[in-house]
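Encoded as structure tokens, the structure appears first; notes follow it.
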Amino acid sequence: MIEPDSFDNRLLHFWRGVDGCRECATISPWRKFPLGRRGTARFGLMILGEAPGRVSLENGRPFSNPRNLTIRRAFARAVAPLEIEPEALIYFSDTVKCWPASASGANRSPMAGENARCVSRHLRTELDLVRPRLILAFGARAAAAALGYPLKLAETHGHPIRSAADVRVIPLMHPSTINIAGMRRVGIASLDDYERRLAGLMRKEFAAALEQLRAGTA
């Protein structure tokens, strides 16, 4: 059992190593979220994305692009009337730690090699350190990385799956305007509909952690 202070130090050491990683030449200039902007691991709740986005990086917070705040708004609805930031309850991470930029400076999907290297070099170590009990994995790459094998997101969206490490993983479509077709394949009519459904899922899955937070026992 790792004591809290020791745990925090180990995780900080891990992220310092990630921050200095230059393994993938194709993902230069290796932009990542600042150290200490990942939330808390104490409740065992993790949100895993595919890779940082440019606007969220500029804001210094995962999933903070004002054009698409579905995940943060869903969290606010799930914990109401409490007014807390997601980082107070959740640990945020990405399958690929660096921003994959296109030649034009726009976001792009991570290349297969970038994804494989980051999972083997960093994500597996991170999961061993954080030891989450629940991962909400947004996007097919995130779900595959959390589970250790590829899957069809249209068939598994919203359905909990136990990983080989006995972690409860819930694969989820990434909520965005460019993924409307994917969301409709799983019965989601709009981003507003997704937000409502995700809030309900979070309310159920985060209930025990919220009670701990209210009681001050965490």
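For the residues 197, 184, the requirement of being of a type outside the set (Phe, Trp, Tyr), buried (at least 16 other Cβ atoms within 10 Å of the Cβ) and part of a helix (DSSP H, G or I) singles out 197.
Out of curiosity, is residue 127 among the aliphatic types (A, V, I, L, M), touching a helix residue (DSSP H, G or I) at 6+ places or on another chain (Cβ under 9 Å) and closer than 30 Å to residue 20 by Cα?
Details: among the aliphatic types (A, V, I, L, M): yes; touching a helix residue (DSSP H, G or I) at 6+ places or on another chain (Cβ under 9 Å): yes; closer than 30 Å to residue 20 by Cα: yes.
Judged against the criteria, residue 127 is a match.
Looking across region 75-86, not a single residue is surrounded by fewer than 17 Cβ atoms within 10 Å (Cβ to Cβ) and either touching a Gly at 6+ places or on another chain (Cβ under 7 Å) or aromatic (Phe, Trp, Tyr) (or both).
Of all residues in region 43-74, exactly one satisfies the criterion of being surrounded by fewer than 20 Cβ atoms within 10 Å (Cβ to Cβ), charged (D, E, K, R) and in contact with a Pro (Cβ under 7 Å, 6 or more places away or on another chain), namely 72.
Filtering region 107-124 for residues that are more than 20 Å from residue 26 (Cβ to Cβ) and under 16 Å from the mean Cα position of the chain (by Cα) leaves a non-empty set.
Tell me the residue from 43, 14 that is of a type in the set (A, V, I, L, M, F, W, C) and out of contact with any Lys or Arg (no Cβ under 9 Å at 6 or more places or on another chain), please. Don't jump to the end; show me each part of the working.
Values: 43 fails: out of contact with any Lys or Arg (no Cβ under 9 Å at 6 or more places or on another chain).
Result: 14 is the single residue among 43, 14 that is of a type in the set (A, V, I, L, M, F, W, C) and out of contact with any Lys or Arg (no Cβ under 9 Å at 6 or more places or on another chain).
Of all the criteria given as (1) part of a helix (DSSP H, G or I); (2) closer than 29 Å to residue 23 by Cβ; (3) over 16 Å from the mean Cα position of the chain (by Cα); (4) of a type in the set (A, V, I, L, M, F, W, C), the one not satisfied by residue 146 is (3).
Got a number for residues in region 149-179 being in a helix (DSSP H, G or I), surrounded by fewer than 16 Cβ atoms within 10 Å (Cβ to Cβ) and touching a helix residue (DSSP H, G or I) at 6+ places or on another chain (Cβ under 9 Å)? Steps first, please.
Filtering region 149-179 for residues in a helix (DSSP H, G or I) gives 153-156, 177-179.
Keeping just the survivors that are surrounded by fewer than 16 Cβ atoms within 10 Å (Cβ to Cβ) gives 154-155, 177-178.
Checking the rest, the ones that are also touching a helix residue (DSSP H, G or I) at 6+ places or on another chain (Cβ under 9 Å) come to 154, 177.
Counting residues in region 149-179 that are in a helix (DSSP H, G or I), surrounded by fewer than 16 Cβ atoms within 10 Å (Cβ to Cβ) and touching a helix residue (DSSP H, G or I) at 6+ places or on another chain (Cβ under 9 Å) gives 2.
All of (1) touching a residue at least 40 places away in the same chain (Cβ under 8 Å); (2) within 27 Å of residue 35 (Cα to Cα); (3) aliphatic (A, V, I, L, M) hold for residue 147 with one exception: (1).
The residue list 120, 109 contains one member that is more than 30 Å from residue 196 (Cβ to Cβ), of a type in the set (Gly, Ala, Ser) and surrounded by fewer than 19 Cβ atoms within 10 Å (Cβ to Cβ), which is 120. Annotation note: Cβ proximity below 6 Å between a residue of region 191-218 that is over 29 Å from residue 66 (Cβ atoms) and a residue that is of a type outside the set (Phe, Trp, Tyr) and not in a helix (DSSP H, G or I) (sequence gap 6+ or interchain) occurs for 212/218; 218/42.
Within region 153-171, the set of residues being under 18 Å from the mean Cα position of the chain (by Cα), farther than 20 Å from residue 131 by Cα and free of Cβ contacts under 8 Å to residues at least 40 places away in the same chain comprises 153, 156, 157, 159.
Residue 60 passes every criterion in (1) of a type outside the set (D, E, K, R); (2) at positive phi; (3) modelled with pLDDT of 95 or more apart from (3).
The values are calculated or read from the model by the stated rules, or taken from the named source; none is laboratory data. Here the structure is a predicted model, which is why all the values come from computation and not from measurement. Glycine gets a Cβ as well: all are built from the backbone with ideal geometry, and neighbour counts include every protein chain shown.
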